[in-house]
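First comes the structure, then the notes that go with it.
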Amino acid sequence: MVSGRSYLVNAEINRYVYDVSVQEHPVLVKCREETQSLPNAVMQISPEQGQLFRVLLAMLGAKKTLEVGVFTGYSSTVTALALPPDGKIVACDVSDEYTSRAKRYWKEAGIAHKIDLRLGPAAETLQRLNQEDGQSSFDFAFIDADKSNYDTYYELTLPLIRPEGLIVFDNMLRRGNVLDAHSTDPDVRALRALNEKLGSDSRVLISLLAIADGVTLAWKKP
Ligand code: CA
């Protein structure tokens, strides 16, 4: 059983996809296995998502990326390993506990120097980045934090991304709960609203991939 597997495909298919296509660094295997024992283990991205990131980052020639929601560091580690030696990730999170775990993996994988961790509310960090780093200063962003603020993160991230750069959103299908038009869950409502907004947003070209828990790619038009 591969941890963090997609609920959209059966376990055998998932295992096959993992076996034939995922090249996972030993530190990532360790991160994934150790994270399984934590109560919020489902917050970790799946290994095939990490593999997708590797392809996307290579295609973008990414050097500078943004992450909103670090958790125990799987996605930031896979990203940092894919970036060139002078690559940089600005990583936002509110949890000292989880990011302390992430820091151990960053160190062990030898990529800690590429990661600039900003502890605190991500919206404030993103506002500061808009002032300090400026527009079009990032190639790639991964948004995987509190769902009710996704749209806020999107609007603050879009100016930071360069034209032809990419924003990736996680959990856009919310284990299928987005199908419930009458849901009163604020997270489900927020994701439904964002899916509809992105579907007709002329600033980006999107693709909602039914892998893992639903991954939306939003490519910023030139
Ligand atoms: Ca997630």
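The values are calculated or read from the model by the stated rules, or taken from the named source; none is laboratory data. Owing to the predicted nature of the structure, the values given are computational and were not obtained by experimental measurement. FYI the Cβ positions are ideal-geometry reconstructions off the backbone, even for glycines, and counts take in every protein chain you see.
Do you know which residues across the stretch 35-54 are within 10 Å of the ligand (Cβ to nearest atom) and either assigned to a helix (DSSP H, G or I) or among the β-branched types (Val, Ile, Thr) (or both)? VAL42, MET43, ILE45, GLN49 - these are the residues of the stretch 35-54 that are within 10 Å of the ligand (Cβ to nearest atom) and either assigned to a helix (DSSP H, G or I) or among the β-branched types (Val, Ile, Thr) (or both). Scanning the stretch 55-88 for residues that are away from the ligand (no atom under 16 Å from the Cβ), small (Gly, Ala, Ser) and without any contact (Cβ under 8 Å) to a residue 60 or more places away in the chain yields a total of 4. Number of residues in the stretch 182-200 that are over 20 Å from the mean Cα position of the chain (by Cα) and under 25 Å from ARG162 (Cβ atoms): the value is 1.
ASP187 falls short on exactly one of the conditions (1) within 16 Å of the ligand (Cβ to nearest atom); (2) assigned to a loop (DSSP other than H, G, I, E, B); (3) charged (D, E, K, R), and that condition is (2). Of the listed requirements (1) within 16 Å of the ligand (Cβ to nearest atom); (2) crowded, with 17+ Cβ neighbours inside 10 Å; (3) part of a helix (DSSP H, G or I), ASN14 misses just one: (1).
The set of residues in the stretch 153-171 that are surrounded by fewer than 15 Cβ atoms within 10 Å (Cβ to Cβ), in contact (Cβ under 8 Å) with a residue 24 or more places away in the chain and out of contact with any Lys or Arg (no Cβ under 6 Å at 6 or more places or on another chain) contains only GLU164. Among the residues of the stretch 196-217, those identified as crowded, with 19+ Cβ neighbours inside 10 Å and within 16 Å of the ligand (Cβ to nearest atom) are ALA212, ASP213, GLY214, VAL215, THR216. Restricting ARG192, ARG174 to those that are surrounded by 19 or more Cβ atoms within 10 Å (Cβ to Cβ) and over 27 Å from THR79 (Cα atoms) reduces the list to ARG192. Pairing each residue of the stretch 14-39 that is under 13 Å from GLN51 (Cβ atoms) with any residue that is among the aromatic types (Phe, Trp, Tyr) and assigned to a helix (DSSP H, G or I), provided the two are 6+ apart or on different chains, yields C-beta distances under 7 Å for LEU28/TYR74; ARG32/TYR74.
Considering the stretch 119-174, and only residues there that are part of a helix (DSSP H, G or I) and of a type in the set (Gly, Ala, Ser), the residue that is farthest from the ligand (Cβ to nearest atom) turns out to be ALA123.
For the stretch 23-55, taking the residues that are surrounded by 15 or more Cβ atoms within 10 Å (Cβ to Cβ) and small (Gly, Ala, Ser), the one that is farthest from the chain's Cα centre (by Cα) is identified as ALA41.
When the stretch 138-186 is filtered for residues that are more than 26 Å from LEU60 (Cβ to Cβ) and polar (S, T, N, Q), the ones remaining, listed by number, are SER148, ASN177, SER183, THR184. Only one of the listed residues (ALA141, ALA109, ALA58, ALA123) is buried (at least 18 other Cβ atoms within 10 Å of the Cβ) and closer than 21 Å to THR216 by Cβ. That residue is ALA141.
Determine, yes or no, whether VAL20 is surrounded by fewer than 22 Cβ atoms within 10 Å (Cβ to Cβ), more than 19 Å from ASP213 (Cα to Cα), within 16 Å of the ligand (Cβ to nearest atom) and at pLDDT 95 or above.
No, not satisfied.
With the structure loaded, tell me whether THR99 is more than 14 Å from the ligand (Cβ to nearest atom) and of a type in the set (Val, Ile, Thr) or whether it fails that test.
Answer is yes for this residue.
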